[in-house]
Amino acid sequence: MLKGNSKLDETMLFSMQEDPRDATDQSPDGELTQFLIFRSDDLLFGANVEYVVEIITNHVITTLPMVPNYVRGILNLRGQIIPVIDIRLRLGKPSQEESIIIVLNINGIQIGIFVDSVAQMISIPKDHILPAPANNTQKLISGLYSLQDGSTMMVLDCVLLVEP
Amino acid sequence: MDSILEMYLYETNTLLEQLESIALSAEQVNTFSQGNVDEIFRIMHTIKGSSAMMQFNALMTVAHRIEDLFFIIRESGMDVLSEQSRSELFELVLQATDYFRNEVEKLNNNEPLSEDIDSFLTKINSCIVKIKSEIEGVPAPSSLSECAASDAPTEEVAQTENLLVAGNEDFPYSLLVFFDEGSGMESLRAFMLVNSVRDFCSDSEFVFSPSDVETNPESSEAIIENGFLLQFRNADNRDASIQVVTSSGSIRTYQTADYSAPTLANTTTPVLAEETTEVKKENVKPTVSSKSTASDSTSGLSHSSKESFISVNLSKLDQLMAVVGEIVITESMVTASPDLNGLKLDNFTKSARQLRKLTDELQDVSMSLRMVPVSGTFQKMNRIVRDMGKKLNKRVKLTLTGEETEVDKTIVDGISDSIMHIVRNSMDHGIETSEADRIAAGKDPVGEIILSARHTGSEVIIEINDDGQGINYDKVLQKALTQRLASPDMEYSTKEIINFLLMPGFSTNNDVTEFSGRGVGMDVVKKSVEGVGGTLSITSEPGVGMTTTLKIPLTMAIMDGMKVSVGSSIFTIPIHNIRQSFKVNSDEIIHDGTQSEMIKCMDNFYPIVRIKDLYGLDCGYEEIQDGILIWVESGEISYCLFVDELIGEQQVVVKPLPTYVNSFNIKNHGITGCTILGDGNISIILDVANLYLSI
């Protein structure tokens, strides 16, 4: 599934990082949720692993005419036809040629998303995710979470993603 | 349990279809033949038995009463019935079909069955009384109450017990069957055995004990203890039964015994008489009911050894089709693998060729599994024509041709409602209201609707033709004007007027009748025909009639396609849409004032559509002489597509596009689906009609 790629930091990916805060002040109802963190245009996004199927590289995409530009096309994943969208273009940022595809299954709808690189997986308590500010214009982000190194992960709203 | 229910539904539906077609054909000749009566009797008996087993008591009771009714008719014959009670009888049988159908439909949808069968039972009972009184010449109201009051099983028990008590003169040849110890469900096994015996032996020819195996699971005990006793009137039937017994499973042993009849004098004359009639019927049966063999083999409950049909869930066939499609693609991926380039592999090539042949065969076989004749759908129209004819007081004859034409099962299901709608339209609007009008127009007073189906290569053409008054163009145009579909200052051709008929919300009838004018019109029919990849066209001549033609693809799953390239993209165009492909020079192109280009071929001018420009592709030929023109046609639309190159013809497995991309409405731009090519890449399948309309 995972083909060797310089962009995948495999040691990072497979070393499950437990947030030290969980051990100390984990509230009794603080359910742990796993997120796959990926990078797109220097931003960190987190996708709930519940939705993640696999990560693929070097796939041939067939472009489709008459669709919005962020729909990069369709790909053949072992006989299944899956649409691929570019997160950068979806968020209104310039596209980048070389990318990795994360295949998501969102309530039965399979979709691939182009990202720059995949960073790591983390487990965090659900109630530590803070809501995005009310005046936030980026519709695809449902929450924010501060990582240990001080950077901020934006939680990708996958369900909203498949609504064109 | 679910599978038993499914079996029950399937079997009952098959029987009901038979019943309906018997009733309709019998009504034509105004009598039930002896074979018909036997057949209906058998159908009702099977429904009764299986309903009892599933504990659908209401269904069982109704079936039982109808069985009683036909028992009487079977004994006395149709000839004694008066004209009036005959038509009542036909009506009753059809009503019964509807009743069972409704109930079965409810079962299918997991709804509770209606327990209120009293009014229907009263109807059947009054019919029984009437027929009885006609037979005997005296009214017999007492027997009615008796019949209605006595419960089905007890009646039978009493009957058989009497026979047992009275001795075995009538059924001298007995067969005692013991099932395997601990095999379980002995009553059910016994019942299945009885059912198999019924296939060749009529009910009055044998008895069995315990007689309540159908309804009483407790009878298992008695069977374990004493065995299951079958007694026959003649030895031949018993011998045949022994064969059935030995071929069915879980039988430990069986014994035969002959009852030595004391003297012939002891046998009462009525019995003897009955016996001879029975024998006669037996002789008649094989010739009259040609349908019974087919029905026997499809009925799932009877465990007969001659069974050569099985019923398969359609979803399994879909799955098979999908897998076969994958195999076909994978096969070409393997044999055309780029890794093999430049290698000389004799044995490989040989095996690959063999594999190709086998996958082709596999594909053909799995396709043929899904093909069903259209006769099932056509037969249903008989009922519609009959019912509507009665209600509207029109005499109409329905002629069916090409019923045996086979179409993919999903397509048949998709268009059967459409055909029904068109037939209803013909009945309601097409055929003249009064026969005087028909005679005045020099036509046969009896109207005719012809339903025909035929193959043409990759398509099936279904035509619904009536010899009615045809389309009244003025009236349609008036209506279109009042409904603001047409504009008053335009001139419309007849073709354009016909197109109004296919627009949403169009209806010529001012009143809403039971049959049409409910707002669901030809537009819905057109949609559902196009939904299965077909086209619909109407032709009409005022005063002569109207013909509706449906062109339906044989199957949607696999089609012949022409691969073409434009820049780096590969598109597939259905072969049946392509008329011709040719190279042209730029000086042959005709430019009108605007951007559009045209080409003249075969004395007609056709517009040119450049795929590159239409889809805004980055690369592809600009100069018309570099690429190639493909002349395509779909229904009324005909034009030329400009592409870079023809790659070649290939059978492709059509895959739908993901719903996510479909939500961008690309279907309206001529992109209907995609297919996976030999190298694993995807090619987009074009719909030439929608492509042109999107410009």
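Yes or no, residue by residue, for (1) under 27 Å from B:LEU398 (Cβ atoms); (2) touching a helix residue (DSSP H, G or I) at 6+ places or on another chain (Cβ under 7 Å); (3) surrounded by fewer than 17 Cβ atoms within 10 Å (Cβ to Cβ):
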| residue | (1), (2), (3) |
| --- | --- |
| B:GLU6 | no, no, yes |
| B:LEU9 | no, yes, yes |
| B:LEU19 | yes, yes, no |
| B:VAL29 | yes, no, yes |
| B:ASN36 | yes, yes, no |
| B:ILE40 | yes, yes, no |
| B:LYS48 | no, yes, no |
| B:VAL62 | no, yes, no |
| B:ILE72 | no, yes, yes |
Check your understanding: Residue check: is B:ILE599 in a loop (DSSP other than H, G, I, E, B), touching a Phe, Trp or Tyr at 6+ places or on another chain (Cβ under 8 Å) and either closer than 30 Å to B:ASP364 by Cα or more than 14 Å from every other protein chain (Cβ to nearest Cβ) (or both)?
Key -> no
Check your understanding: Just a yes or no: is a residue in segment B:438-458 surrounded by fewer than 19 Cβ atoms within 10 Å (Cβ to Cβ) and in a helix (DSSP H, G or I)?
Key -> yes
Study note, to complete from the structure: Scanning segment B:643-657 residue by residue, those more than 9 Å from chain A (Cβ to nearest Cβ) and not acidic (Asp, Glu) turn out to be B:VAL643, B:LEU646, B:ILE647, B:GLY648, B:GLN650, B:GLN651, B:VAL652, B:VAL653, B:VAL654
Practice item. Would you mind listing the strands (runs of 3 or more DSSP E) fully within segment A:39-139 where at least 2 residues are more than 14 Å from chain B (Cβ to nearest Cβ) and modelled with pLDDT of 85 or more? Key: A:43-48, A:52-56, A:100-106, A:109-115, A:117-125
Review point. Taking B:LEU629, is it modelled with pLDDT of 85 or more, of a type in the set (A, V, I, L, M, F, W, C), in contact with a Phe, Trp or Tyr (Cβ under 7 Å, 6 or more places away or on another chain) and under 23 Å from A:MET66 (Cβ atoms)?
Key: yes
Exercise for review: Confirm whether B:ILE464 is in the same structural domain as B:ARG386 (by TED's automatic domain parsing) and assigned to a strand (DSSP E or B).
Suggested key: yes
Exercise for review: Tell me, please, whether a residue that is free of Cβ contacts under 8 Å to residues at least 40 places away in the same chain, more than 30 Å from B:ASN313 (Cα to Cα) and surrounded by 15 or more Cβ atoms within 10 Å (Cβ to Cβ) can be found in segment B:91-102.
Suggested key: yes
Check your understanding: Within segment A:148-158, is there a residue that is in a strand (DSSP E or B), under 30 Å from B:PRO656 (Cβ atoms) and either within 14 Å of chain B (Cβ to nearest Cβ) or acidic (Asp, Glu) (or both)?
Key -> no
Study note, to complete from the structure: Counting only residues that are crowded, with 20+ Cβ neighbours inside 10 Å, within 48 Å of the chain's Cα centre (by Cα) and away from chain A (no Cβ under 14 Å), segment B:607-627 contains a total of 1
Check your understanding: Within segment B:48-104, how many residues turn out to be closer than 16 Å to B:LEU9 by Cα and of a type in the set (S, T, N, Q)?
Key -> 6
Exercise for review: Within segment B:682-695, track down each residue that is within 9 Å of another protein chain (Cβ to nearest Cβ) and at pLDDT below 85.
Suggested key: B:SER694
Check your understanding: Within segment A:53-70, how many residues turn out to be touching a residue at least 40 places away in the same chain (Cβ under 8 Å) and crowded, with 20+ Cβ neighbours inside 10 Å?
Key -> 1
Exercise for review: Could you tell me which of the residues B:ILE73, B:ILE43 is modelled with pLDDT of 85 or more and either of a type outside the set (Gly, Ala, Ser) or within 29 Å of B:PHE378 (Cα to Cα) (or both)?
Suggested key: B:ILE43
Exercise for review: With the condition kept exactly as written, say whether any residue in segment B:381-399 is surrounded by 14 or more Cβ atoms within 10 Å (Cβ to Cβ) and among the hydroxyl-bearing types (Ser, Thr, Tyr).
Suggested key: no
Review point. Do any residues in segment B:326-338 that are within 13 Å of chain A (Cβ to nearest Cβ) and at pLDDT 75 or above have Cβ atoms under 8 Å from those of residues that are in a helix (DSSP H, G or I) and buried (at least 16 other Cβ atoms within 10 Å of the Cβ), where the two are at least six apart or on different chains, and which pairs are they?
Key: B:ILE327/B:THR359; B:ILE327/B:LEU362; B:VAL328/B:THR359; B:VAL328/B:GLN363
Point to revise | Meets criteria (at pLDDT 85 or above, closer than 30 Å to B:GLU6 by Cα, among the aromatic types (Phe, Trp, Tyr) and assigned to a helix (DSSP H, G or I)) for B:PHE348 | key: no
Study note, to complete from the structure: With criteria (1) more than 9 Å from every other protein chain (Cβ to nearest Cβ); (2) buried (at least 18 other Cβ atoms within 10 Å of the Cβ); (3) of a type in the set (Ser, Thr, Tyr); (4) more than 31 Å from the chain's Cα centre (by Cα), B:TYR660 comes up short on (1)
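The values are calculated or read from the model by the stated rules, or taken from the named source; none is laboratory data. These figures come from a predicted structure and were not determined experimentally. All Cβ positions, glycine included, derive from the backbone under ideal geometry; neighbour counts span all protein chains shown.
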